[in-house]
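**Student:** Right, I'll just put the structure down here and ask away after.
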Amino acid sequence: MLIRPLTENEGEIFWELRLQSLKESPQAFLSDYATEYAKSETARLEQFRNGFAEQAKFIFGGFAEDKLIAIAGLAHNQNLKMRHKAVVWGVYVAPEYRGQGVGASLLAELIRTARTIPGLLQLELGVVSVEQSPARKLYLSQGFEVYGREPRAIKLVDRYFDEELMVLNLD
């Protein structure tokens, strides 16, 4: 397995896996499959490339035999008063590769890279708060701590999901 940042030319493989994640786990992401799928391929690829124009955004990929199997994003806040923070977003591992350490390796590389960014002191993320969820366990295993809970953070049709807010201090 290889973990590395995606390049601006890998939009197609990113979107293939991103759409899979939105379809399979709609409660886990703020974006939704129908909205993202409705965009033209050109619009999706432009959105992906524009993320790289912002010097503070990274998307990491996990590869097995040259196939993208996992993704995780890191968006470093550029607001003067919030440059000490970054958000981890879009973490997803294809189902057939779960339970093999892919997510842990992906997050470890993301955290390692975050530690090299001058002035970055903490990573934040939100996770749907199903107490025993594998994602929650993964984040806790990487050192993230729960600092709050947002009730009804996500609405999916007529069902609400609470979200736990987590932080990892890098200093």
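The values are calculated or read from the model by the stated rules, or taken from the named source; none is laboratory data. Values in this document were obtained by computation on a predicted structure and should not be read as measured data. Methodologically, a virtual Cβ is constructed for each residue, glycine included, from the backbone with ideal geometry; neighbour enumeration extends over all protein chains shown. SASA here: full protein model, heavy atoms, side chains in, ligands and nucleic acids out. Shrake-Rupley method; radii C 1.70, N 1.55, O 1.52, S 1.80 Å.
**Student:** Kindly sort T113, T7, T42 by accessible area of their heavy atoms, largest first, with the probe set to 1.4 Å.
**Tutor:** Listed by decreasing accessible area, they come as T42, T7, T113.
**Student:** Carbon and sulfur: what percent of the chain's accessible surface (1.4 Å probe)?
**Tutor:** 50 percent
**Student:** Considering only protein heavy atoms, what per residue accessible area in square angstrom results for the chain with a 1.4 angstrom probe?
**Tutor:** 57 Å²
**Student:** Mean Kyte-Doolittle hydropathy of 1.0 or higher plus an axial Cα length of 20 Å or more: which whole DSSP H helices in the chain meet both?
**Tutor:** none
**Student:** Just want to confirm a number: the relative contact order over the range 1-156, from Cα pairs under 8 angstrom separated by 6+ residues, in percent.
**Tutor:** Relative contact order of the range 1-156: 22 percent.
**Student:** With the cut-off at 27 Å, tell me which of the pairs K23/K85; K57/K81; K39/K155; K39/K81; K23/K67 have Cα atoms farther apart than that.
**Tutor:** K23/K85; K39/K81
**Student:** Ok, one more. For A104 and I13, what is the calculated FRET efficiency with R₀ set at 30 Å and r taken between the beta-carbons, to the nearest 0.05?
**Tutor:** Efficiency computed from Cβ-Cβ geometry: 0.85.
**Student:** Something else now. With +1 on each Lys and Arg Cβ and -1 on each Asp and Glu Cβ, how big is the dipole of the chain about its Cα centre, in debye rounded to the nearest 20?
**Tutor:** Dipole size: approximately 380 debye.
**Student:** Sorted by packing (mean other beta-carbon atoms within 10 Å per residue), highest first, where do 96-104, 163-171 land?
**Tutor:** Top of the packing list down: 163-171, 96-104.
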